[in-house]
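For reference, the structure discussed in these notes is given below.
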Amino acid sequence: QELLRVMRTIDDRIVHELNTTIPTASFVGKVDPGQTCKELYESLMDAHTNRERIIKNCISQTSAVVKTLKEEREKAPEDAALLKQLRKEQTKLKLMQSELNVEEVVNDRSWKVLSHLTVMMFCPNRQS
């Protein structure tokens with residue numbers, strides 16, 4: 001979770017990133033807003049792809065551990081330590097699965113902000 005928090009920094013700071021990407025009137029000729037926007041888009045896409053891959057990898061690994069522990073539990077139903085470990089891993093699995101939902105919300109928010117500000121940047125006369 002700590003790793004995901006750090007990896008979500010780009011999403012948490014999307015408005016700031018866009019504000020520093022969009023050139024002011026005095027810098028319009030010196031900065032290519034299309035290129036900087038493209039670079040931000042690619043960074044955001046990479047971040048989202050990497051986080052999703054990491055979360056799904058954790059889910060896969062934890063699912064395998066849960067499956068193994070369940071099989072062991074069937075062989076030793078009285079083993080309290082095994083039950084405790086199984087419950088701990090099941091909780092971890094649920095947490096990782098909920099992180100996928102969080103990721104979806106975070107990603108959606110970032111894309112909406114990026115989309116809105118990009119439209120405002122390239123179509124300034126358009127009403128939002």
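³J(HN,Hα) across region 103-109 via Karplus (A = 6.51, B = -1.76, C = 1.60, θ = phi - 60°), whole Hz, x for Gly/Pro?
Those phi angles translate into 4, 4, 5, 4, 4, 4, 4 Hz.
Across all directions of projection, what mean area in square nanometres is found for the Cα convex hull of region 34-112? Could the numbers behind the result be given before it?
Details: hull surface 21.9 nm².
With every direction weighted equally, the projected area is 5.5 nm².
E78 to R53: extension gain in nm, 0.36 nm per residue of separation minus the Cα-Cα distance? The partial results should precede the final answer.
Numbers: separation 25, 0.36 × 25 = 9.00 nm, distance 3.68 nm.
Additional length available on full extension: 5.3 nm.
Any read-out appearing in this document is the output of simple, stated calculations on the displayed coordinates, not a laboratory observation. On a predicted model such as this, the values are computed, not experimentally measured, just so you know.
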